[in-house]
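I have placed the structure first, in the form of structure tokens, so that the comments after it can refer back to it.
The values are calculated or read from the model by the stated rules, or taken from the named source; none is laboratory data. Because the structure is a prediction, the values reported are computed rather than measured. Methodologically, a virtual Cβ is constructed for each residue, glycine included, from the backbone with ideal geometry; neighbour enumeration extends over all protein chains shown.
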């Protein structure tokens, strides 16, 4: 329970269906003094080792915990806050490391893999729970993960890294609903979060200023270098390649009279390569660290591949390469295939698995 309307209504729906529901909140770094104490049990032995910096999160703040606890009280279910600050630090380090190696990270995927369907499931087993449920817009049926009915809110893209062994233990109560229906359900029960806005930013970078965040955690890192065109001609200098991502158009600091986009980041030489929109197009990619939610394929097959959260999945041929790698060849070239981002694979509505883009 994150304190948002989706996870709150998920708990409500499960309660109505007769489940014995326990609400869990991930505490990732707020001050102990700011955290609501009344009616909220804080678990984990290292609570007293929480750092002194307070993070104003989009889904994990003290205010969010208070909202989640209020909903739990209204539903008359137990509520526990688990201290996951050490694990969350790992996610922030991953985020920074990816940018400083010229890749664009996806921390929401890692949060799901390591925490929501990792550590939270470990805790669920400790209390002998039969299932783990979240407010994700997705569906779980017969050991398969499917896209949500509300395609505009579908979050199956960030779920590809789930351990296949727990697929039969997943519940996504709101996956059959439209977002407008979820808010209406919350209003009918007068839930305090009914009108709460959706979180849009990376929860540990609420200012959305990734460069400052990276600099704060890697103060000695110098990624400055050159901006070049595809022929290698130097056009300008930049303050750090970690501030760029594939497909970026704004903030390049180059006035050429025509639109240019970041088409490559050479972290070894600290170079940012810019080019035309057409030069962003790529026909294929190689992905590694692939996780399968089906039997691992040994031969090429047709599927639909999605290369970022807001990308429309495109027809492709997938070829296993061994060692956790695959090649994805698209029927039509795709724009801004970005190393570090996930490529997620589907057959119709079914989520097959996915991996992290290594190269294009």
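When you scan region 237-276, how many residues do you find that are surrounded by fewer than 17 Cβ atoms within 10 Å (Cβ to Cβ) and either in contact (Cβ under 8 Å) with a residue 40 or more places away in the chain or at negative phi (or both)?
Residues in region 237-276 being surrounded by fewer than 17 Cβ atoms within 10 Å (Cβ to Cβ) and either in contact (Cβ under 8 Å) with a residue 40 or more places away in the chain or at negative phi (or both): 15 in total.
Per the listing 54, 30, the residue uniquely in a loop (DSSP other than H, G, I, E, B), at pLDDT below 50, under 24 Å from the mean Cα position of the chain (by Cα) and surrounded by fewer than 19 Cβ atoms within 10 Å (Cβ to Cβ) is 54.
Which one is surrounded by the most Cβ atoms within 10 Å (Cβ to Cβ), of the residues in region 118-164 that are more than 20 Å from the chain's Cα centre (by Cα) and part of a loop (DSSP other than H, G, I, E, B)? Among those residues, the one meeting the criterion is 129.
Residue 148 passes every criterion in (1) at pLDDT 95 or above; (2) closer than 24 Å to residue 61 by Cα apart from (2). Of the residues in region 100-113, none is free of Cβ contacts under 8 Å to residues at least 12 places away in the same chain, in the same structural domain as residue 172 (by TED's automatic domain parsing) and not in a strand (DSSP E or B).
Tell me the residue from 310, 285 that is under 30 Å from residue 223 (Cβ atoms) and either in the same structural domain as residue 170 (by TED's automatic domain parsing) or part of a strand (DSSP E or B) (or both), please.
285
Within region 179-201, the set of residues being crowded, with 19+ Cβ neighbours inside 10 Å and either part of a loop (DSSP other than H, G, I, E, B) or in contact with a strand residue (DSSP E or B) (Cβ under 8 Å, 6 or more places away or on another chain) (or both) comprises 191, 193. Pairing residues of region 209-220 that are surrounded by fewer than 18 Cβ atoms within 10 Å (Cβ to Cβ) with residues that are part of a helix (DSSP H, G or I), at Cβ distances under 7 Å and at least 6 apart in sequence or on separate chains, gives 211/242; 211/243; 217/92; 217/96; 218/96. Checking 286, 326, 290 one by one, the residue that is within 21 Å of residue 99 (Cβ to Cβ) and touching a residue at least 24 places away in the same chain (Cβ under 8 Å) is 286 and no other. Do we find that residue 78 is more than 19 Å from residue 213 (Cα to Cα) and surrounded by fewer than 20 Cβ atoms within 10 Å (Cβ to Cβ) in this structure? Here the answer is yes, as residue 78 does meet what is asked. Selection within region 292-311: residues that are surrounded by fewer than 17 Cβ atoms within 10 Å (Cβ to Cβ) and within 17 Å of the chain's Cα centre (by Cα). The member of this set that is modelled with the lowest pLDDT is 310.
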